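Structure first, commentary second.
Read-outs throughout are calculated quantities, based only on the coordinates presented, and are distinct from any laboratory measurement. These figures come from a predicted structure and were not determined experimentally. Here the Cβ positions follow ideal geometry from the backbone for every residue, glycine too, while neighbour counts run over all protein chains shown.
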Amino acid sequence: MNTFLCMAGSATVQFISVFIIFILVLVITYYTTRWVANFQKEKSTGENVKVLETTRIAQNKFIQIVEIGDKCIAYAVCKDSVTVLAEISKDSLKLSEDNKEAFSFKDFLNKAREDEKDK
């Protein structure tokens, strides 16, 4: 009986140890992922090139409106090629405030939670 309690206690200690290690790995992974994302974001941000809008037209085929400097250009982006479609005047575009700001997953998640509460 005494041996059984020692084995049960040992199994509990092992489980708690593995659980703590698992949590530590998750925390390290979370912060590493955030660091890498911020590093890549800083590397890829530029003042002169902005993607204003992207629309899927088929599998692996998109039309993008890109602002380069003070010009807006429409591109067709396919799996193996990029084709310039036309230069578009900025006045003819309908830009919403959502397109001007960066996508925020936190805002999206909060909106989803609010929508769920409303149901």
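At a glance:
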{"quantity": "Label zone at Lys94 (point 7 Å along Cα-to-Cβ), backbone N below 19 Å, segment 45-65", "calculated": "52-57, 63-65"}
{"quantity": "Modelled FRET efficiency - R0 30 Å, Gln40 with Val18, Cβ distances, 0.05 increments", "calculated": "0.40"}
{"quantity": "Derived scalar couplings ³J(HN,Hα) [segment 30-43; Karplus, 6.51 cos²θ - 1.76 cosθ + 1.60; whole Hz; x for Gly, Pro]", "calculated": "4, 5, 5, 5, 5, 5, 5, 4, 5, 4, 5, 5, 5, 5"}
